[in-house]
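To keep things clear, I will list the structure first and then write my remarks on it.
The values are calculated or read from the model by the stated rules, or taken from the named source; none is laboratory data. All figures in this text were calculated on a predicted structure; none of them were measured in a lab. Neighbour counts are summed over all protein chains in view; Cβ atoms, including those assigned to glycine, are modelled from backbone coordinates with ideal geometry.
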Amino acid sequence: MRFTRSGRTIAGDQATPLLILGEDAGVVMPSGCRMGICFGCVAPVRSGQVRDLRTNQVHGEAGELIQTCISTAATDVELEL
Ligand code: FES
């Protein structure tokens, strides 16, 4: 998991939300409700795919805005944060 603007990298798993991984890596992560409601945590994907914890759907295209609080890494992921 890489955060391109802050230059931080952290080893993740496929269960921990990207919001938590970012915070653990020391990245200032936008957030709000932390449960998928407010969209305060959205961030653009640069590369890789994520899994929605609510639906289990895997998605991710360059530039797509994802909710980091309810998304986990499905592959290596780069976020523009
Ligand atoms: S923090 Fe509210 S949707 Fe992610």
Just one of (1) outside any strand (DSSP E or B); (2) polar (S, T, N, Q); (3) within 19 Å of Arg8 (Cα to Cα) trips up Thr72, so point out which. (1)
In segment 12-28, is there at least one residue being surrounded by 12 or more Cβ atoms within 10 Å (Cβ to Cβ) and modelled with pLDDT under 95? yes
Residue under question is Met1, and the condition is that it be more than 16 Å from the ligand (Cβ to nearest atom), buried (at least 20 other Cβ atoms within 10 Å of the Cβ) and either in contact (Cβ under 8 Å) with a residue 40 or more places away in the chain or under 10 Å from the mean Cα position of the chain (by Cα) (or both); does it hold? yes
Hits in segment 10-23 - residues which are within 16 Å of the ligand (Cβ to nearest atom) and either among the acidic types (Asp, Glu) or part of a loop (DSSP other than H, G, I, E, B) (or both): Thr16, Pro17, Glu23
Residues of segment 43-67 being of a type in the set (Val, Ile, Thr) and loosely packed, with under 14 Cβ neighbours inside 10 Å, which ones? Thr55, Val58
In the list Gly26, Gly63, Gly40, Gly7, which residue meets the criterion of being away from the ligand (no atom under 16 Å from the Cβ), small (Gly, Ala, Ser) and out of contact with any strand residue (DSSP E or B) (no Cβ under 7 Å at 6 or more places or on another chain)? Gly7
